[in-house]
Amino acid sequence: MNHVPPERVDLIRQWNERKIALTEEHLSAINAIGATPPDVYGNGRQYRETPCAITTIHGSSFDLAIVSIQEHASFEEWRHCYLASDIKEVRPSPFALSHEIRVATSRADEIRMGFAPTVVELPSGEIVALNWRQNFLVKADCDASQVIISQRRLDWREPPPVLNTPPGIVYFVADQA
């Protein structure tokens with residue numbers, strides 16, 4: 001049982017009217033980018049999520065977008081959603097982490113309550129921790145695609161800065177095939 005906010009009812013009705021499918025071109029683009037797997041605890045297993053940039057059929061553009069292939073309509077209040085039928089173009093996001101980094105964040109163990117770090121090195125050499133499963137990194141003068149797993153040994157008594165999921169992510173939901 002889940003609470004459905006009133007402002008989400010129209011989206012759910014549209015979802016139920018017909019199958020929301022991705023075009024072959026869109027599927028090819030998201031497969032080339034690669035989906036971010038669920039975390040080691042199973043969080044996110046109900047979705048196949050791929051970070052990307054989207055241009056809609058209405059001309060809007062989103063650089064922090066996730067195409068979410070799922071079995072159910074999007075009722076979650078915390079997700080800003082559109083239907084995948086609104087997609088005109090799918091392309092790599094300038095803020096998406098590499099598939100290797102995204103997979104590493106999905107495999108991070110929780111070492112403290114609410115803290116499952118993946119320690120990475122930014123192109124500038126700065127060390128940061130990504131908390132939980134991450135798709136994007138938005139930081140001035142940082143090319144997210146160039147972030148690498150850090151091999152430096154850390155003193156956890158003085159941890160590196162922690163970067164969480166950036167705000168403003170938009171989801172485009174599609175039916176599972």
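Figures for the structure shown
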item: Centroid-to-centroid separation of segment 1-30 and segment 62-104 [C-alpha atoms, Å]; result: 12 Å
item: Table column - 3J(HN,Hα) (Hz), segment 63-73, Karplus curve with 6.51, -1.76, 1.60, x for Gly and Pro; result: 8, 10, 10, 10, 8, 10, 9, 8, 8, 10, 4
item: Whole-number accessible area per residue in Å² for the chain, which is evaluated in the context of all protein chains at 1.4 Å; result: 56 Å²
item: Label point at R79 placed 7 Å out along Cα→Cβ; residues across segment 1-44 whose backbone nitrogen lies under 11 Å; result: 44
item: Long-range amide H partners of V147 with built H, under 5 Å; result: S98
item: C81 long-range amide H proximity, modeled H, under 5 Å; result: Y171
item: Relative contact order (%) - the chain, alpha-carbon pairs under 8 angstrom, separation at least six; result: 27 percent
item: Gained length - H3 relative to T165, 0.36 nm times residue gap less alpha-carbon distance; result: 55.9 nm
item: Low-density loop positions, GluC sites (Glu not before Pro), segment 91-157 - DSSP coil, at most 15 other Cβ in 10 Å; result: E110, E126
item: Of all DSSP beta bridges in the chain, antiparallel share, percent nearest 5; result: 65 percent
item: Carbon and sulfur %, accessible surface of the chain computed with the full protein complex present, 1.4 Å; result: 50 percent
item: Cα→Cβ-extended label distance, 7 Å offset, between R112 and A140, nm; result: 2.7 nm
item: Gain on full stretching of the segment that runs from S98 to R13 - 0.36 nm per residue minus C-alpha separation; result: 27.1 nm
item: Cα Rg, Dmax, the chain, angstrom units; result: 17.0, 54
item: Potential extension, D86-S124 segment - 0.36 nm per residue separation minus Cα distance; result: 10.0 nm
item: Phi-based couplings in Hz for segment 79-85 (Karplus 6.51, -1.76, 1.60; Gly and Pro marked x); result: 9, 7, 10, 10, 7, 5, 5
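The values are calculated or read from the model by the stated rules, or taken from the named source; none is laboratory data. Given the structure is predicted, the values throughout are model-derived calculations rather than measurements. Don't worry about glycine lacking a Cβ; one is built from the backbone with ideal geometry, like all the others, and counts go over all protein chains shown. Accessible surface is based on the protein model in full, side chains and every heavy atom, while ligands, DNA and RNA are left aside. Shrake-Rupley method; radii C 1.70, N 1.55, O 1.52, S 1.80 Å.
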